[in-house]
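The values are calculated or read from the model by the stated rules, or taken from the named source; none is laboratory data. Predicted model only: the values in this text are computed from it and were never measured. Note that each Cβ is placed from the backbone with ideal geometry, even for glycine, and that neighbours are counted across all protein chains shown.
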Amino acid sequence: MTDTSTVPGAPSDANLAERLRAGRLTTLDEIHAINGVPKESTRTKDTPFLTSLMAEFIARSPFFLIATANADGSCDVSPKGDPAGAVRVLDARTLAIPDRLGNRRIDGFRNILTNPHVGLIFMIPNDDETLRVNGHAFITKDPEFLATMAIDGRAPKLATIVEVDEAYMHCARAFLRSGLWTPETWPDPESVPTLAAITSQQRSLPAPDESAGKRREEYRATLY
């Protein structure tokens, strides 16, 4: 295991984590007393269906995150990306997500089989507002339907069908604070640890040879 004392930004107080655990908040009343309560317009902004403008937003979103949890509550969040329009809105309460070539861990699928609750956040590049969708999901292998979701002549083998429980827009504050879409705030990719380097460290393996350049894995040329 990595020695956290060598991690940049790690606190110098060795007992800090224990102190924070001991002082954890345990009731909603405590949180409301500190944060206040949401306005009525905020509390009731969700709908149990997708509006036509929400469907348009999804159609223009090439990237989203999907959160799942297994039967005991252990969570996973996976990034998903495709050309805009790949996620299909079937009706106001149903959308379909094609499953593309990946690492075959199927963390999300394993979770959905035991706990169908899912949460999604749809993003559009250079747009600082997002669409959130929560619902129940199941997995389909319907070949006729999957054929309609082909890209580069390759149809997905599976798709996730999400039945909408609630949908609502999320404001821009997180993007404004982070400067996510502001190129001037972006780091030089060469300065950021790579997947290969981080995985090697996790496994206590020698650091990969990246002298010829970073992020040149073969998988980058095989997306579908």
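Provide a single number: the residues in the stretch 180-210 that are exposed (fewer than 13 other Cβ atoms within 10 Å of the Cβ), over 30 Å from residue 129 (Cβ atoms) and of a type in the set (A, V, I, L, M).
3
Identify all residues within the stretch 137-165 that are crowded, with 19+ Cβ neighbours inside 10 Å, in contact with a Lys or Arg (Cβ under 7 Å, 6 or more places away or on another chain) and outside any loop (DSSP other than H, G, I, E, B); write none if there are none.
If the condition is that a residue be crowded, with 19+ Cβ neighbours inside 10 Å, in contact with a Lys or Arg (Cβ under 7 Å, 6 or more places away or on another chain) and outside any loop (DSSP other than H, G, I, E, B), then 164 is the only one that fits.
Being assigned to a strand (DSSP E or B) and either free of Cβ contacts under 8 Å to residues at least 40 places away in the same chain or surrounded by 13 or more Cβ atoms within 10 Å (Cβ to Cβ) (or both): is that true of residue 113 here?
So residue 113 does not fit the description; no.
Residue under question is residue 95, and the condition is that it be in contact (Cβ under 8 Å) with a residue 60 or more places away in the chain and outside any helix (DSSP H, G or I); does it hold?
Details: in contact (Cβ under 8 Å) with a residue 60 or more places away in the chain: yes; outside any helix (DSSP H, G or I): yes.
Against the criterion (in contact (Cβ under 8 Å) with a residue 60 or more places away in the chain and outside any helix (DSSP H, G or I)), residue 95 qualifies.
Would you pick out the residues in the stretch 201-215 that are on the phi < 0 side of the Ramachandran plot and part of a loop (DSSP other than H, G, I, E, B)?
Within the stretch 201-215, 203, 205, 206, 207, 208, 209, 210, 211, 212, 214 meet the criteria.
What is the one condition in (1) touching a helix residue (DSSP H, G or I) at 6+ places or on another chain (Cβ under 9 Å); (2) over 16 Å from residue 167 (Cα atoms) that residue 40 does not satisfy?
(1)
Would you check if residue 174 is of a type in the set (A, V, I, L, M) and not in a loop (DSSP other than H, G, I, E, B)?
It is true that residue 174 is of a type in the set (A, V, I, L, M) and not in a loop (DSSP other than H, G, I, E, B).
Tally up the residues in the stretch 81-92 that are within 19 Å of residue 165 (Cβ to Cβ) and either out of contact with any Leu (no Cβ under 7 Å at 6 or more places or on another chain) or not assigned by TED's automatic domain parsing to the domain that holds residue 127 (or both), please.
Here the count works out to 2.
Contact list please: Cβ distance under 8 Å, first residue in the stretch 195-224 and farther than 18 Å from residue 103 by Cβ, second residue assigned to a loop (DSSP other than H, G, I, E, B), pairs at least six apart or on different chains.
201/2; 201/207; 210/194; 214/194
Give me a count of the residues in the stretch 26-72 that are surrounded by 11 or more Cβ atoms within 10 Å (Cβ to Cβ) and among the hydroxyl-bearing types (Ser, Thr, Tyr).
5
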